[in-house]
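Some notes on the structure that comes next.
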Amino acid sequence: MLALAVGAKEFPYPAPHSTMWLRDFVQKTPIPPTRIAGRETGRETGRVTGLRIVTVVAAHVLAGAGLAGAAEEVSIATLIPFAEKAEIRETIREECGLGSKLSKALVKRGAKKEVTLVRVGNLEATGDAGRSLELRITDAIQTSGGFFPAHSITIDGVLKEEGRIVGTMEGTSLAAASFIPFRRGQCAILEEAIRLLAKDVIRWVKKPRLDARLGEAG
């Protein structure tokens, strides 16, 4: 609950996304005329009626409601698929669960950055409604060996709004085995690469552009 201060009074009203209170506020609340001072000189410049005060308040509240509405949900597949021609080892495909881990990492990172991603079983079933992020895993390979092997994962994606393409991207992230924190095995290393890549993807979703190259792909 917020409060609108007018003169010496405070009038409680609901959160900015609810605007029905404005009608009752205008009809039931007498607001006395007041005077305002010039910004630079401090001199009084004229009278402001209660109606103008309400108009200014309404503009700010409605603007806030518009900003809240801008944070629209983005649908993504529960299981991000492998690209049709992706040459990825069967052990990685079968054991690492990259598709599920990628979508979960994006939802988790999005929540931290005020981007609401919703996992859906069939992304195509959503049609052209709202916003959707279509992703594919195009590569997942070991890039170096030795005692601390490294792996990378590459994805591409298309961001759509009401069926219209508003952004396209390709992203790659690299991670290596480590002792602290302990990380060994190709699946654990690729999971870390996914976590890092999710940061770049969410940053791009907030400010999408065409032909973006994220992470190591840039």
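No lab work stands behind these numbers, since they all come straight from the coordinates. All figures in this text were calculated on a predicted structure; none of them were measured in a lab. As a convention, Cβ positions derive from the backbone with ideal geometry for all residues, glycine included, and neighbour counts pool all protein chains shown.
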*Extreme residue, surrounded by the fewest Cβ atoms within 10 Å (Cβ to Cβ), among residues of the range 167-187 that are under 30 Å from V74 (Cα atoms) and aliphatic (A, V, I, L, M)*: L174
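Within the range 195-214, can one find any residue that is among the charged types (D, E, K, R), over 23 Å from E114 (Cα atoms), touching a residue at least 40 places away in the same chain (Cβ under 8 Å) and in contact with a Phe, Trp or Tyr (Cβ under 9 Å, 6 or more places away or on another chain)? Break it down into steps so the answer makes sense when it comes.
Initially, the range 195-214 is screened for residues among the charged types (D, E, K, R), giving 195, 199-200, 203, 206-207, 209, 211, 213.
Pick out the ones that are also over 23 Å from E114 (Cα atoms) and you get 211.
This time we only want the ones that are touching a residue at least 40 places away in the same chain (Cβ under 8 Å), so: 211.
This time we only want the ones that are in contact with a Phe, Trp or Tyr (Cβ under 9 Å, 6 or more places away or on another chain), so: none.
Looking for residues that are among the charged types (D, E, K, R), over 23 Å from E114 (Cα atoms), touching a residue at least 40 places away in the same chain (Cβ under 8 Å) and in contact with a Phe, Trp or Tyr (Cβ under 9 Å, 6 or more places away or on another chain), one finds none in the range 195-214, hence no.
Do you know which of the residues in the range 143-166 that are of a type in the set (D, E, K, R) and surrounded by 14 or more Cβ atoms within 10 Å (Cβ to Cβ) is nearest to K85 (Cα to Cα)? First the steps, then the outcome.
Step one: of the range 143-166, the residues of a type in the set (D, E, K, R) are 156, 160-162, 164.
Applying the additional criterion that residues be surrounded by 14 or more Cβ atoms within 10 Å (Cβ to Cβ) yields 156, 160-161.
Working: D156: 13, K160: 23, E161: 27 Å.
Looking at residues that are of a type in the set (D, E, K, R) and surrounded by 14 or more Cβ atoms within 10 Å (Cβ to Cβ), I get D156.
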_Subset of the range 197-218 (residues that are surrounded by 16 or more Cβ atoms within 10 Å (Cβ to Cβ), out of contact with any Lys or Arg (no Cβ under 7 Å at 6 or more places or on another chain) and assigned to a helix (DSSP H, G or I))_ = L197, D200, V201, W204, V205
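Scan the range 177-187 for residues that are part of a loop (DSSP other than H, G, I, E, B) and under 18 Å from E94 (Cβ atoms) and jot them down. Show your work before the answer.
From the range 177-187, those part of a loop (DSSP other than H, G, I, E, B) are 177, 179-182, 184-185; that's our starting set.
Matches in the range 177-187: G185 only.
A quick yes/no check of all residues on (1) in contact with an Asp or Glu (Cβ under 8 Å, 6 or more places away or on another chain); (2) closer than 18 Å to I189 by Cβ; (3) surrounded by fewer than 20 Cβ atoms within 10 Å (Cβ to Cβ):
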site	(1), (2), (3)
E72	no, no, yes
A77	yes, no, no
P81	no, no, yes
E84	no, no, yes
I92	no, yes, no
G99	no, yes, yes
L102	no, yes, no
V107	no, no, yes
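Name the residues in the range 127-139 that are closer than 11 Å to V74 by Cα and in contact with a Ser or Thr (Cβ under 9 Å, 6 or more places away or on another chain), would you?
As a first pass, look at the range 127-139 and keep what is closer than 11 Å to V74 by Cα: 129-134.
Answer for the range 127-139, where residues must be closer than 11 Å to V74 by Cα and in contact with a Ser or Thr (Cβ under 9 Å, 6 or more places away or on another chain): A129, G130, R131, S132, L133.
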*Just a yes or no: is a residue in the range 128-141 loosely packed, with under 15 Cβ neighbours inside 10 Å and part of a helix (DSSP H, G or I)?*
no
*Would you mind finding the one in L159, L174, L190 that is touching a residue at least 60 places away in the same chain (Cβ under 8 Å), assigned to a strand (DSSP E or B) and within 20 Å of G218 (Cα to Cα)?*
L159
